[in-house]
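Taking it in order: structure first as structure tokens, then the write-up.
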Amino acid sequence: MNSVKYRPEIDGLRAFAVLSVILFHAGFPYLKGGFVGVDIFFVISGYLITTIILSELNDGVFTIIGFYERRVRRILPALFFILTFSIILAYFLLSPDDLIRFSKSAIASVLFTANYFFAFSTSYYFAPNIETEPLLHFWSLGVEEQFYLFFPILTIILWRFHQRERERISPLFLFVLIILVCLSFAWANYFSYYPHIFYDTASRGFELLIGSLTAVYTLRFGAPLNKTISQILSAIGFLFVIFAVLYLSNEFIIPSFWSFIPTIGAALIILFANRQTLTGRLFSAKPIVFIGLLSYSLYLWHWVLFAFAKLIFGELKLYITLALIALTFFLSYISWRFVEKPFRNKNLLSRKQVFIFALCAALSLITIASVFIATKGVLNRFSDEERDLLTSSQFRALYVAKKETELRGTAFIQDERKRVFIIGDSYSQDFINMLYEGELLSNSQIISRYVSATCQVYIDKEDWRKFLEPKEIKTCEYIFNRADNPEIASLAKSADLIIIASNWKEWAAKRLPQTIENLRITPKAQIIVIGAKQFGTINARSYIGFSVEEKRSIKNTIDVDFIKLNEMMKEEFSDQNILFIDLLTLICGKNAKSCPVFTPEGKLISYDGGHLTQAGAKYIGETLKDHSVFVKLRENGY
């Protein structure tokens, strides 16, 4: 069996992986699949760990404590250094609610469970609202460390009890690896439409195990001797990873069958790239190898810097992005040179010292984070006005949904009140809040039904699947997320007034007249359609310190697509017995191209550019009182 030796082309592959991830997160348009750099990292990790374990077992020198000592030296110093930096920034930059959430993610990161923390506390990995989660990228470290918990033990068991010849890999060991790859891949595919599966160790295991199989092949057969075959297969591997980075995107379900493109590509490079091949020479070039040496620090630093910068500046301009990339390289060199390298030097720090450091650093970080949580995000850092501006999106979202959730029902009560039925997504929840904050329809009985924004308010002969991305279909296969839910039809038939509000997509808005017709509403029922609303990009932090007068003057440009969508819907319903309320005109003025960000009292109207704060709902609700539609409804007993 071959011993472990340094291969510069693997550091070159690390450089390719980390640059793909950094440039993807920086928003470079042609690297749509740059996130698969993490998949390549998993293959490299599986390969190196398996090579080390099997080689040391063969030489009779492997120990569990020695294995974990190497992991501690390799992973924890830079991780804890960057976590400390992040905690300091978080204290000064994050709102109380966000600091609490950050602190929870920091504890999860120290305990290597960040992947499951983010899996069950965030939306989909590619959702815009998680771009300011400073520790989001630590999910991949959680996956790797959880893999390192079980894999060495499994390898030892199979080696000791089923190894017959010291120089050969047991067929049983190979068989178990292949079975685990198949099980992990099957798991990933079965749950592929669930957003949390992106972070799941079980669904990512096959990528690490492909690296393990690569190690087994290399240790058993050694480096390939045929130069032509190595040249061709390493080039194919390179084309695979290039294709994955350029072609795959967040529209593809990952992990899935598509994950085999970057992982098999990485495996082919590891197996066949060497100094005799073009691919090997490319990945062994000194500048690329140097970036590979910095790759761990580069990965840890880049997202932390991007996330905090987005909190400060909002959408990043190109010059800021380039400056952040440069800063990432500078800080990565510092942490590699003065943190990573010293801790890997066994002559400088003993095993005991390293373990004591790891334990003390971990406990310190957990203690600081716990204090932040216990003090409710250190509330006294901000004034009441500042705290209001910095209230987290997650907390505000609870307000958006609360009232609508209370109004869900299956049938109207038999009494003399007017029956109002409201259908839609979170924008209908917003509208319900407008009604209640403005004390509108107070004499009516209101029932609501939620329809997912993904599925839209749509009922027609065309299959709704044709309008959705593959990853969205699973959501809408659940009928209670769709408008053709039989309970919606039943409630619509018995209502006096039906209000439909949604974060409209053009395909659904164009077909709304057919949808309304297919609801089979009684002729006496009145229908109101609520148009799209949008308040531009909101960066609440940037408004700290503004006076009320200054806030009143702030306006954001409206996306022209929303204006066109409202105009289209208004025209659609002009000749029908359907009332249309154009919220953009109501809030921003007729033919306006921009909208106010604050109420006249200096309170935020929207916290994310679409959904309303409580102050925003009250402001628009009060404005709606004088709208002709609601004046008439009051006259009719609503």
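Results, tabulated for the structure shown:
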read-out	value
Of the trypsin sites (Lys or Arg not before Pro) in region 240-341, those whose Cβ has at most 15 other Cβ within 10 Å and which sit in DSSP loop	Arg275, Lys317
For region 570-638: Kirkwood Rh in Å [reciprocal of mean 1/r, alpha carbons]	13.5
Cut-off under 5 Å, modelled amide H: who pairs with Phe580 long-range	Val529
Sequence-distant lysines (8 or more away, or on other chains) whose Cα lies within less than 20 Å of Lys376	Lys104
Straight-distance crosslink candidates among lysines, where the alpha carbon sits under 21 Å from Lys570 and sequence neighbours closer than 8 are dropped	Lys505, Lys510, Lys533, Lys590, Lys593, Lys625, Lys632
Region 253-290 residues near the modelled Tyr193 label - backbone nitrogen below 20 Å, point 7 Å along Cα→Cβ	253-259
Share of carbon and sulfur in the accessible heavy-atom surface of the chain [1.4 Å probe, %]	61
Where N is the number of residues in region 125-249, Cα Rg divided by 2.2 N^0.38 Å	1.30
Residue-averaged [θ]222 nm for the chain, counting only DSSP H segments that reach four residues, each worth -39500 (n - 2.57)	-19000 deg cm²/dmol
The chain, relative contact order [Cα under 8 Å, separation at least 6], %	16
Cut-off 13 Å (backbone N to label point 7 Å along Cα→Cβ of Leu183), residues of region 206-221	206
Set of region 508-527 residues, backbone N closer than 19 Å to the point 7 Å along the Cα-Cβ line of Glu251	508
Cα pair distances in region 16-121, grouped into 10 Å bins until the bin that holds the longest one, percent each	12, 26, 37, 19, 5, 0
Any cysteine of the chain lacking a neighbouring Cys Cβ under 4.7 Å - listed by number	Cys182, Cys360
Percent RCO, i.e. relative contact order, over region 282-408, from Cα pairs under 8 Å lying at least 6 residues apart	18
Listed residues Glu550, Glu439 arranged by accessible area, highest first, probe 1.4 Å	Glu439, Glu550
For peptides 188-195, 241-248, sequence by mean Cβ density within 10 Å, most packed first	241-248, 188-195
Nearest-ten-degree value, helix 426-437 long axis tilted from longest Cα axis of the chain	40
Shape box of region 419-518 [Cα atoms, principal axes, largest first, Å]	43, 25, 23
Point-to-point label distance, Ser574-Phe313, nm (Cα→Cβ direction, 7 Å offset)	4.4
Unit charges at the beta carbon, dipole of the chain: most positive-side option, Leu293, Ile500, Tyr607	Leu293
Accessible area per residue, Å², the chain with all protein chains present, probe 1.4 Å	45
Table column - 3J(HN,Hα) (Hz), region 581-596, Karplus curve with 6.51, -1.76, 1.60, x for Gly and Pro	10, 8, 5, 4, 5, 4, 8, 9, x, 5, 6, 6, 10, 9, 10, x
Fraction in percent of alpha-carbon pairs per bin - 5 Å, region 176-327	2, 8, 12, 14, 18, 17, 14, 9, 4, 2, 0
Angle in degrees between helix 64-93 and the longest Cα principal axis of the chain, rounded to the nearest 10	30
Spin-label model distance (nm) - Ser494 vs Asn380, 7 Å beyond Cα toward Cβ	5.6
Under-5 Å amide H pairs with Gln526, H placed in peptide plane, nonlocal only	Leu497, Ile498
Accessible surface of Arg396 - all protein chains present, 1.4 Å probe, nearest 10 Å²	30
Dipole of the chain, positive end: most advanced residue of Gly142, Pro29, Ser542 [Cβ charges, Cα centre]	Gly142
Computed magnitude of the charge dipole of region 340-409 (debye, nearest 20; Cβ of K, R +1, Cβ of D, E -1)	620
Inter-probe distance in nm under a simple model that places probes 7 Å from Cα toward Cβ, at Lys461 and Ala285	5.9
Region 528-600 versus region 204-265: alpha-carbon centroid distance in Å	49
Ranked order, Arg417, Arg520 - accessible area, probe 1.4 Å, largest first	Arg520, Arg417
Charge dipole magnitude, Cβ of K and R +1, D and E -1 - region 483-526, Cα centre, debye nearest 20	100
Volume per residue of the C-alpha convex hull in region 73-164, rounded to whole Å³	111
Bins of 20 Å from zero: percent of alpha-carbon pairs in the chain	17, 44, 29, 10, 0
Ratio of Rg to Rh over region 199-289 (Cα coordinates, Kirkwood Rh, two decimals)	1.01
With all protein chains modelled, accessible area of His627 [1.4 Å, Å²]	40
Degrees between helix 37-59 axis and first principal axis of the chain (Cα, 0 to 90, nearest 10)	30
Within-11-Å neighbourhood charge of Thr585 [Cβ basis; K, R +1; D, E -1]	+1
Separation between Cα centres of region 459-492 and region 386-439, rounded to whole Å	22
For region 345-461, with +1 on Lys and Arg beta carbons and -1 on Asp and Glu, the positive-most of Val354, Ser428, Ala369 along the dipole	Val354
Computed accessible area, Ile473, all protein chains, 1.4 angstrom probe, square angstrom	40
Length-normalised contact order of region 128-229 in % [C-alpha pairs under 8 Å, at least 6 apart]	28
Residues of type lysines that Lys32 reaches as a straight line, Cα spacing below 18 Å, ignoring anything fewer than 8 places off in the same chain	Lys471
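The values are calculated or read from the model by the stated rules, or taken from the named source; none is laboratory data. Because the structure is predicted, anything quoted here is derived from the model rather than measured. Please note: Cβ atoms are built from the backbone with ideal geometry, for glycine as well, and neighbour counts cover all protein chains shown. Note: areas computed on protein heavy atoms with side chains; ligands, DNA, RNA excluded. Shrake-Rupley method; radii C 1.70, N 1.55, O 1.52, S 1.80 Å.
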